[in-house]
Amino acid sequence: MKTGRRIILLITLMLALLLLGGSSLLAAEASNEAQLQKAITEGNDDTITIMNNIALTKRLIINRPVTLTGVDCSINTGVNCIYVDSNGNLTLSGKLSITGNGEGLPTLDVSEGNANIIAGVIEATGAFGNGIYSSGNLNISGGEIRATGKESIALVLSGSVNMTGGTIKAEGPKSIGVGVSRGQFTISGGNITATGPGISVYTGTVNINSSENMNLSGGVYSEDLSTDQIQYTAFFTTLPKPVIINDNHANTFKLLGIDPSLSFTVGNSTSKILGASISGNTVSLNPTRIGDYILILSSNIAKQQSINLTIPVKVNNVSSTNSTSPQPNGNITSDLSGHWAKDSIMQLINAGVIKGYPDGTCQPDKTISRAEFAVMLVQALKLEPKAGNTFSDTASHWAKDSIATVAAHGLVSGHNKNIFGPDELITREQAASVYSRLAKLESSTFALNCTDKKSISAWAEPGVAAAVKIGFFNLYPDGSFKPQGYTTRAEAFFALYKYLSPEGPQTVKQ
């Protein structure tokens, strides 16, 4: 009897919550324009399901977080558009089609807010029209953005757009896939096809992270509007794919269609390991170490047009005359036998990069302080001594010179300008950020997929993501990174080995 009363009480409480404003637990439905307008402006539901084909007679303004979804339904904006204002955050999902036919107008205007395209279709059929115009923040992970009108552009941006999946199609005559008028466009997945340029850059930056699951037809072009006729200059016409080196001699690939007036430069520290150079449109690689690397090629034009092309390079073999890898001498310290980092640590010891303890041990699982970490970097990397900021808590510390040196080199920073915390144990996120900074990878765009991503400090996330991507640090078997966990000597040495001689274990369980 008591159980029955409890169930009745629980049901009554749930009904009361719904009546008092819990309607956000339910998804709204809209079958016509009036219902759709009301659901957005007066409702508080996060998801609105389109139940029928809807034709707009006026602009639809998104001024709050809303997800639009539907199954085989459409919204026809006509000569109007869906507009996302500064308070808006629009997500499109499901089999929903949004079509506009305004001449020279966008179907979706993300001028100030945020939008996420997960699924569905956004299409512009009018001449000179745009599927999406965005000066806000736009993420594309799925769906299709399409422009079928004459001289149309599927996506025009002057804000920040990140594309990891989905499709952009410019099918109309002389149409452009992505037009970068300002801002930044980053693509690491998905497909772009166009009858004209795949990507056209007027001013702004394009970051292309080449991968096997990405296709770009139409090439990347610089756009010049200073004359009566628009002039296009090719950065390249065919996207280079990831490179795999199996032969023990120099390898080359070409940037196809590059205009002779443009030039690319080789960036990032791994270019030295890869023996990378570029002449005209030919990139030559003569690697010295086995491993997985990232090659960055950049091109800049005076009119503030920048292209950064990131190409993964997997080196499976190197010439014996090029190899700079230290070889083990077989003398294993007493506590390294069977340890996951044994091979990496032994090669560093044999090369004289690091030393064990006088008693013949290495103590690989011992945690390491921030001061000890600084000394290790100075000695292993043979850093030139520099006098930098003197922290109030290191003035009389035994490692003050090494701390000043790593700080002056920009590798390790203090908690603030006065406090370094030399005797604090260094965390995994701190150490990972240092190695990424050392390899000049911290500014690269890498997706981090770990179970405790929310525990990573915001300032450390780019460095951690890069360190995991390049293999300096590994995730634990449960998929976590443990950013606030303390770094062991083995983890610090393994990352150092990967930086100096990355032909050690590619994946290990820590």
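The values are calculated or read from the model by the stated rules, or taken from the named source; none is laboratory data. Treat the numbers as computed from the prediction; the structure is a model and nothing was measured. Neighbour counts are summed over all protein chains in view; Cβ atoms, including those assigned to glycine, are modelled from backbone coordinates with ideal geometry. For the accessible areas, the whole protein counts, side chains as well, though only heavy atoms, and no ligand, DNA or RNA atoms are used. Shrake-Rupley method; radii C 1.70, N 1.55, O 1.52, S 1.80 Å.
The rows are residues; the columns are (1) assigned to a loop (DSSP other than H, G, I, E, B); (2) at positive phi; (3) surrounded by fewer than 22 Cβ atoms within 10 Å (Cβ to Cβ).
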residue: ALA154; (1), (2), (3): no, no, no
residue: ASN162; (1), (2), (3): no, no, yes
residue: ILE168; (1), (2), (3): no, no, no
residue: GLY172; (1), (2), (3): yes, no, no
residue: GLY177; (1), (2), (3): no, no, no
residue: THR186; (1), (2), (3): no, no, yes
residue: PRO197; (1), (2), (3): yes, no, no
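Between residues in region 415-426 that are among the β-branched types (Val, Ile, Thr) and residues that are open to solvent by less than 80 Å² (accessible area, probe 1.4 Å) and outside any loop (DSSP other than H, G, I, E, B), which pairs lie under 7 Å by C-beta distance while being six or more apart or on different chains?
If the second residue must be open to solvent by less than 80 Å² (accessible area, probe 1.4 Å) and outside any loop (DSSP other than H, G, I, E, B), the pairs left are ILE426/SER369; ILE426/ARG370; ILE426/PHE373.
Across region 367-414, what is the total count of residues that are more than 27 Å from GLY485 (Cβ to Cβ), touching a residue at least 24 places away in the same chain (Cβ under 8 Å) and among the small types (Gly, Ala, Ser)?
1
Which of the residues that make up region 262-287 are out of contact with any Lys or Arg (no Cβ under 7 Å at 6 or more places or on another chain) and either modelled with pLDDT under 75 or among the basic types (Lys, Arg) (or both)?
Across region 262-287, the qualifying residues are THR270, SER271, LYS272.
Being loosely packed, with under 14 Cβ neighbours inside 10 Å and either in contact with a strand residue (DSSP E or B) (Cβ under 7 Å, 6 or more places away or on another chain) or not in a strand (DSSP E or B) (or both) narrows it down to one residue among SER436, SER396; which is it?
Details: SER436 fails: loosely packed, with under 14 Cβ neighbours inside 10 Å.
Exactly one of SER436, SER396 is loosely packed, with under 14 Cβ neighbours inside 10 Å and either in contact with a strand residue (DSSP E or B) (Cβ under 7 Å, 6 or more places away or on another chain) or not in a strand (DSSP E or B) (or both), namely SER396.
Got at least one residue in region 317-324 being at pLDDT 75 or above and assigned to a strand (DSSP E or B)?
First, the residues of region 317-324 that are at pLDDT 75 or above: 317.
In the following step, the residues that additionally are assigned to a strand (DSSP E or B) were identified as none.
Checking region 317-324: not a single residue is at pLDDT 75 or above and assigned to a strand (DSSP E or B).
Among the residues of region 35-53, which ones are farther than 15 Å from GLY94 by Cα and of a type in the set (D, E, K, R)?
Taking region 35-53 as the starting set, the residues that turn out to be farther than 15 Å from GLY94 by Cα are 35-45.
Passing the criteria: LYS38, GLU42, ASP45.
Within region 199-232, count every residue that is farther than 21 Å from SER263 by Cα, assigned to a strand (DSSP E or B) and open to solvent by less than 40 Å² (accessible area, probe 1.4 Å).
Total meeting the criteria: 1.
Suppose we keep only residues that are in a strand (DSSP E or B) and open to solvent by 10 Å² or more (accessible area, probe 1.4 Å) within region 271-292. Which one would you say is nearest to GLY257 (Cα to Cα)? Let's see the steps before the verdict.
Applying the first criterion (in a strand (DSSP E or B)) to region 271-292 yields 277-279, 282-285, 291-292.
Still in the list and also open to solvent by 10 Å² or more (accessible area, probe 1.4 Å): 277-279, 282, 284, 292.
Details: SER277: 18, ILE278: 15, SER279: 14, THR282: 11, SER284: 17, ASP292: 27 Å.
Among them, the one singled out is THR282.
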